[in-house]
């Protein structure tokens, strides 16, 4: 009877691991406990910085393309954003599907070998966003610096957008797999980090582009993005140990 009563409504489901008597304040601050979890902190920063580069490209389109030789109107600038949409759609469908298929095969092989489940196996496919996100930013900076035909920057923009889309699926699935019981709090923490960092990127980028050429701006962003993604290598090897050491404090 109790189980039936929980399924009577679509709007509310009880969960054994959730304390529904917590105050609103406690509920709001609990996700911040993951500042103590190095694996979650890395995933959040890698995701946020990569999306920050994506944001920096988008907010600077008027600054780069409204003046000669492009002379894009506001409508043309909006249409330029279709390259972003194409990159996101391909990354969210084809890219994420490839990652899921690869992870499934590795997990099946681990089970056949009698080895325990390891969420860090998902990080092997970081090679995809590492290549596309960083290369896309460098090409975009080089093409806009040389003021090449708009198809060049559009291709680079779409290429870059493919990277953050795939990276988000990797990072989110990794942290949810690592902390399934507290997956809601983990995702809140990651999105808070993303909002803060993307706001910072959007605020700083216009002034930065006014002082430096596009290749320096986007080349630097590419380097920062690549650095945070490469930090996934030590997380891959030491992630289980780090979780074991920090789980008690969460």
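Derivation of every value follows stated rules applied to the coordinates shown; laboratory data play no part. Everything numeric in this text was worked out from a predicted model, so none of it was measured. Note that each Cβ is placed from the backbone with ideal geometry, even for glycine, and that neighbours are counted across all protein chains shown.
Ordering 149, 140, 70 from the fewest to the most neighbouring beta carbons within 10 Å gives 149, 70, 140. For segment 130-236, the pair-distance distribution built from all alpha carbon pairs, in bins 10 Å wide starting at 0, is 14, 39, 32, 13, 3, 0 percent.
Residue 181 versus residue 29, label points 7 Å from Cα toward the beta carbon: distance in nm? Output for this residue pair reads 2.2 nm. Spatial offset of segment 137-204 relative to segment 23-44 amounts to 21 Å, using the alpha carbon center of each. Most tightly packed first, judged by the mean number of other beta-carbon atoms within 10 Å of their residues, the peptides 22-33, 217-228 read 217-228, 22-33. For the chain, the longest principal axis of the C-alpha atoms and the axis of helix 127-145 are separated by about 20°.
In this label model, residue 237 and residue 199 are separated by 3.8 nm, measuring between points 7 Å along each Cα→Cβ vector.
The length gained by stretching the chain between residue 100 and residue 224 to full extension, at 0.36 nm per residue less their Cα-Cα distance, is 42.0 nm. Dividing the summed -39500 (n - 2.57) terms of all DSSP H runs of n ≥ 4 by the residue count of the chain sets its mean residue ellipticity at 222 nm at -23500 deg cm²/dmol. Once the Cα-Cα distance is subtracted from the 0.36 nm per residue extended length, the residue 213 to residue 147 segment shows a gain of 22.6 nm.
Considered as an equivalent ellipsoid built on the Cα gyration tensor, the chain has semi-axes of 37, 21, 18 Å, the largest given first.
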